[in-house]
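For reference, the structure is listed below as structure tokens.
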Number of protein chains: 4
Amino acid sequence: MAGNSFGQLLRLTTFGESHGAAVGGILDGCPAGLLLDLDFIQGELNRRRPGQSDVVSLRNEKDELQIVSGIFEGKTTGAPIAFWVQNQDQHPADYAEMKDVFRPSHAGFAYEQKYGIYDYRGGGRASARETLARVAGGAIAKLFLKQTGITINAYVSQIGTVKLEKPYGELDLSKTEESPVRCPDEAVSSEMVDLITKLKNAGDTTGGIITCIIRHVPPALGEPVFDKLQANLAKAMLSIPAAKGFEYGSGFAGVSMKGSEHNDPWAYEHGKITTSTNFSGGIQGGISNGEDIYFRVAFKPVATLMQLQEMINRQGEKMKINPKGRHDVCVAPRAVPVVEAMAALVIADHYLWAKTN
Amino acid sequence: MAGNSFGQLLRLTTFGESHGAAVGGILDGCPAGLLLDLDFIQGELNRRRPGQSDVVSLRNEKDELQIVSGIFEGKTTGAPIAFWVQNQDQHPADYAEMKDVFRPSHAGFAYEQKYGIYDYRGGGRASARETLARVAGGAIAKLFLKQTGITINAYVSQIGTVKLEKPYGELDLSKTEESPVRCPDEAVSSEMVDLITKLKNAGDTTGGIITCIIRHVPPALGEPVFDKLQANLAKAMLSIPAAKGFEYGSGFAGVSMKGSEHNDPWAYEHGKITTSTNFSGGIQGGISNGEDIYFRVAFKPVATLMQLQEMINRQGEKMKINPKGRHDVCVAPRAVPVVEAMAALVIADHYLWAKTN
Amino acid sequence: MAGNSFGQLLRLTTFGESHGAAVGGILDGCPAGLLLDLDFIQGELNRRRPGQSDVVSLRNEKDELQIVSGIFEGKTTGAPIAFWVQNQDQHPADYAEMKDVFRPSHAGFAYEQKYGIYDYRGGGRASARETLARVAGGAIAKLFLKQTGITINAYVSQIGTVKLEKPYGELDLSKTEESPVRCPDEAVSSEMVDLITKLKNAGDTTGGIITCIIRHVPPALGEPVFDKLQANLAKAMLSIPAAKGFEYGSGFAGVSMKGSEHNDPWAYEHGKITTSTNFSGGIQGGISNGEDIYFRVAFKPVATLMQLQEMINRQGEKMKINPKGRHDVCVAPRAVPVVEAMAALVIADHYLWAKTN
Amino acid sequence: MAGNSFGQLLRLTTFGESHGAAVGGILDGCPAGLLLDLDFIQGELNRRRPGQSDVVSLRNEKDELQIVSGIFEGKTTGAPIAFWVQNQDQHPADYAEMKDVFRPSHAGFAYEQKYGIYDYRGGGRASARETLARVAGGAIAKLFLKQTGITINAYVSQIGTVKLEKPYGELDLSKTEESPVRCPDEAVSSEMVDLITKLKNAGDTTGGIITCIIRHVPPALGEPVFDKLQANLAKAMLSIPAAKGFEYGSGFAGVSMKGSEHNDPWAYEHGKITTSTNFSGGIQGGISNGEDIYFRVAFKPVATLMQLQEMINRQGEKMKINPKGRHDVCVAPRAVPVVEAMAALVIADHYLWAKTN
């Protein structure tokens, strides 16, 4: 069980609310002897942090990570790695008005029905701030995967109506971080920024899509039936706040193809069996086949608008309230490191699992 | 771990290959005292069975279910319910040619890389026949859910290029089983049949989409972080053979909406808080909110074509082989009961879990 | 969860009641490529079987194992291994009288309180027959461990008041199977047989202790905190029907020693660090240290007596009934293969786990 | 997996080493709406704390607990409860000599064999300080159980050769905390103190036994096969540092009884079925039957002696070193709250589980 844990052999458990003392987690099962590059981990957190550019939310927290256990002389010891970031810059007063109302398309109503109690300040566990612990845990998983040669790169491929149509093979993914919206194509990035600016001025929001590419995965990861690699990637992605869809390889578009077009022809290159197309998305029968793994994650429009919004109270009375706080127009740019982190946790977990087959 | 198990409190473990003695499973955690309607369970298996109409595959097995344990005087006892279907109608000779070759877009290559051994007859655990155990386990979950009032209905909403555009609210889902392709709209069903016939004559295949509607779910199911209801539904669906994508509520299409359009306005009806639209798909913050849950699952074109196909052997030599065996043009019609079964397992598991909150 | 499953990477799930169609299980996670010696596995089942000698129970079932999945050309494929034994020789009429009464020190009352339903014939899941699936699963684990050099040997070290005082190092464990009570010391075995015969004639029963020795375990198995090797061994042993206690190394007797006597002095032999005594029982800090692992398991006197016994019905009325059926005087001799099987499952599971550290 | 987690529905994950920044944990799955009595929780930690009397170790840390998440307005919210205690009063210099040697009967050698790295300061995860997180998590479980009427009381029933022979029914358990060794019988307590003082003066140590009584458990807790209540209690107890044995009910002593003496006769009192003896220890077939649950846990003599001890270095060279630091003569008195905490976690977990049967 353990609804706040993810993974089997490499298991992340997270805790914390945006208006408590800290947000953090425990990463259990990380192999011993891994050199923990703290600058890299902090750098990943900084990528997730709000306020990185004027097109994303303005909340300015330092998000300084403290690692509390599981390290000795700079290396992992095999013991659980606990870490946290203290919360700062809280404005609980911003939420006073929210005490008795439910915001549209927010988790508050469902939480209260479930638990009979709801911390209305900042969304409780539904807060995007929880993803900070995923990014920290995922950064350690990335360090582990780095040793194996596996790389993970995500980028924004759609914001609202603006789409990046080019396949990932035609993009220079090293440019992703140069874009304020994490779109590696300069022209499309610029269109996306324009759209966000326009929406921001209107106090409105929109959705986005993130594409993620995992390379150099050895053929063997994933378990054939319920723990197919794509099944665990799908779970990982749909567990991210605001995610609404997941597809890998040819995905939804592949549905309308014929089998004769969709099958990936075999090729034989440099003494290795490979495929000349990759509609399979690097996974066959739930197991990685050595080709690139790629998938896309859809995120819904941000629910908190910077305009008067109609809410409802416990008595069923409607009222209009102007939300305070600091919110993004689109979550996709900041969700890029979260998608990478969750992917890293899945791949590293299956990497360890495959050692036991 | 346990890659062949699914669920936590209600846990299905499956076993069997299409060319072994039997395929079956164990359902553990089913509450005691549930009247097991064996006709209903067998009926669900019959829905999954090939050879139901001339537009689906011709393999004709009786798939007669035996329940071996966990029942006393017609009711569940709280003990694990083991069940199986014996395999019949095997033609291992059909697979002799496949011994040394890898078929395109099949699991064989990845299995052999992973395990160093591969049962080339019928796909091993990647066989669609494994889903029989899911349908049996899911049927028991449905019987459990029936007591709670929760209903689950899936149907085919796309085959190849033929799409059912009507939203589910405008369909009469009681007509699904009348359609040979399980599409409740007569006109679209007829178009789908035509497409399948045309592809069949050409020895080709295509993909499909299944839409699933879950109604009368009380607000409380799902855990806020990693075990969000949609995360476990996504895992369940992506664990089905040939599934390539999952989306719930507004899904991928919702990405290009504005927040002001996408937010579900609150309504107050019959003393109950509800919403007047349902882009959220019945889940907020990972927890059911009492509205209908609906999602879509994409299935890729069937990889086995009834035409000469290029294969490759372990030495990297290509050859063309005409596959034998009996295969569907599109998996979607027969996957409908599988989607329902996996959804039932997820919902029943979370229903039990919610009792402990 | 999954109360009918044991183990993590190597996971056994069992099913079946003594009066249903079959008893069996699924072993998931067994590495691929293991040659399954079916004679060995059947031989282990035969060791558990009643009716092996006139000092153990007379129920005579063949207990013929069928392996249904997970094997190809004699080797494991990495797929789940399902197996079962059909039940024969049932005398449900023996249990008709038991329908409305609770037997002393039996599980029936607790089952009925928990589930509201109870299969009074043969004890439901509390039947000793369930252990058959443990022995089958454990036999496969033993075959896996054999490749690593690890050996597991259990024997009866006490029956009722008759104790085998010699430490295991002074015994010839190859003689265990020659003894009708599985005690490798001929003189003590003979005393045990006498005691059992005397009790049998009196329609009475008694308890027993099994000692188990695990050799050649590499230093590395076990996880430091909650999954200490001894913690999982203790759970495994206390999950066996009728087990009442577990101790390893110096156990309860070590309590009254001084630290200066109890500490195991280091030795250095053949270029290897070892210890000259082994009060630690081969485990330090929850991790195997390379020395012999040894532990003892206490079993209570058999509750079913072959004499008039006072029972109680649901209305609280007492009555005396003469139990029918076939029962052992002491479970320990037949529990020897069960103890070994559970130990093998624990060690094999931790062996796989240690590959991921 | 997750070797640093315990429990299923109520799951404790712990972290921290005695020489890191903090020791703590996350308790996941605690039902919402529970009033967290912080004074009670801190009081439980204080019971575990060293330096409570001059017969236990002198390390004087405040062990002030901080609860970081999962509470709102004094009550649990259903979110994970994270907590920690900062480490103080560290004397790493005490351990400098230990850098290259292995202490007898300590975990260091096994850790280094397993992980290739070992934090020699204070024992890493093998430190008794880890149990602090168990006590904190267990205290919350106790608060939960308090609402159900279940009580848990442990006491010291043996130190070295000094035994408390009286059965628990003849003791006044409210006097346990008055005794410096947590033995509720004044005369025996006094003998124990004398023994400890004598051993302390000699720089020696000894073992102990803790007896634990759980009352008012409803008949229904425990799962019939692998998750028998006694199996999970045994795992919980053997996971405590220095524990060497576990027995419940009649335990090892019951082995030499006859079945006719050992069976618990039924009684009918106040309209309730009960038993007139309780050799079963409140559990039948793995399920609580409503009678008192009682068990005993053996602890080995403390390995660190306050005298010259022979150690060995990686090269196999022996040397004598005088250990520094602060150590108890016997762990049992301080382990009493740890035993209670682990028992509370097991019972609360099964209490939640039983809600789903």
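The values are calculated or read from the model by the stated rules, or taken from the named source; none is laboratory data. The structure presented is a predicted model; accordingly, all values stated were derived computationally and were not measured. Don't worry about glycine lacking a Cβ; one is built from the backbone with ideal geometry, like all the others, and counts go over all protein chains shown. All accessible areas refer to the heavy atoms of the entire protein, side chains included, with ligands and DNA or RNA removed. Shrake-Rupley method; radii C 1.70, N 1.55, O 1.52, S 1.80 Å.
Here are the numbers for the structure shown:
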quantity: 5 angstrom amide H check on A:F72, placed H, neighbours 5+ away; calculated: A:T77
quantity: Sites A:K75 and C:K175, calculated FRET efficiency, Cβ-Cβ separation with R0 41 Å, nearest 0.05; calculated: 0.25
quantity: Inverse mean reciprocal Cα-Cα distance (Kirkwood Rh) of chain A, Å; calculated: 21.5
quantity: Long-range HN-HN contacts of C:G245 with modeled amide H, under 5 Å; calculated: C:A298
quantity: Nm distances between copies for C:K75, ranked from closest, using label points 7 Å along Cα→Cβ; calculated: 3.5, 5.0, 6.1
quantity: Net charge contributed by nearby residues that have their C-beta within less than 11 Å of C:E186 (K/R +1, D/E -1); calculated: -3
quantity: Value at 222 nm in deg cm²/dmol, rounded to 500, when DSSP H runs of n ≥ 4 in chain B each add -39,500 (n - 2.57); calculated: -7500 deg cm²/dmol
quantity: Of the DSSP H helices in chain C, those whose Cα atoms cover at least 30 Å axially and whose Kyte score averages -0.5 or more; calculated: C:332-354
quantity: Most fluctuating residue given options C:A234, C:A96, C:A242, as computed from a GNM of chain C linking Cα atoms under 10 Å; calculated: C:A96
quantity: Where A:D100, D:D204, D:D39 fall by accessible area, highest first, once all protein chains stay in place (1.4 Å); calculated: D:D39, A:D100, D:D204
quantity: Rounded percent of accessible protein surface that carbon and sulfur make up, the range B:160-202, 1.4 Å probe; calculated: 48
quantity: For the range D:24-53, residues shielded by at least 10 square angstrom of accessible area compared with the chain on its own, probe 1.4 Å; calculated: D:I26, D:D28, D:P31, D:A32
quantity: Accessible area of the range A:77-181 divided out per residue, in Å², using a probe of 1.4 angstrom; calculated: 36
quantity: Rounded to the nearest 10 Å², the accessible area of C:E186 at probe 1.4 Å; calculated: 150
quantity: Environment charge of B:T148, counting only residues whose C-beta is closer than 14 Å and scoring Lys/Arg +1, Asp/Glu -1; calculated: +3
quantity: Highest-fluctuation residue, C:Q113, C:Q230, C:Q66 considered, GNM on chain C with Cα pairs under 10 Å; calculated: C:Q113
quantity: Spin-label model distance (nm) - C:A96 vs C:R314, 7 Å beyond Cα toward Cβ; calculated: 2.0
quantity: Solvent-accessible surface ranking, highest first, for B:H262, C:H327 at 1.4 angstrom; calculated: C:H327, B:H262
quantity: Shortest-first nm distances, C:A267 label point to equivalent points in other copies (7 Å, Cα→Cβ); calculated: 5.4, 6.3, 8.2
quantity: The range A:213-236-the range A:249-305 distance, computed between alpha-carbon centres (Å); calculated: 12
quantity: Cross-link partners of B:K272 among lysines (Cα-Cα below 18 Å; sequence separation of 8 or more within a chain); calculated: A:K114, A:K318
quantity: Relative contact order (%) - the range D:92-199, alpha-carbon pairs under 8 angstrom, separation at least six; calculated: 15
quantity: Top of D:S256, D:S127, D:S105 by mean-square fluctuation, Gaussian network on chain D, Cα under 10 Å; calculated: D:S256
quantity: Normalised contact order of chain D, rounded percent, pairs of Cα under 8 Å and 6 or more residues apart; calculated: 22
quantity: Radius 12 Å from Cβ of C:I273, net charge of other residues (Lys, Arg +1; Asp, Glu -1); calculated: -2
quantity: Gain upon complete extension [C:Q66, C:E165; 0.36 nm per residue less C-alpha separation]; calculated: 31.6 nm
quantity: B:C183 long-range amide H proximity, modeled H, under 5 Å; calculated: B:V156
quantity: Minimum Cβ-to-axis distance in chain C for the rotation onto chain A, with residue, whole Å; calculated: C:K355, 2
quantity: Between C and B, accessible area buried - total, square angstrom, nearest 100, 1.4 angstrom probe; calculated: 3100
quantity: Accessible surface, 1.4 Å probe, highest first, among residues D:R103, A:R296; calculated: A:R296, D:R103
quantity: Teacher prompt: D:H216 distances to equivalent labels in other copies, 7 Å Cα→Cβ, nm; calculated: 3.9, 5.5, 6.1
quantity: Interface residues, the range B:276-297 - accessible area loss of 50 Å² or more versus chain alone, probe 1.4 Å; calculated: B:Q284, B:I287
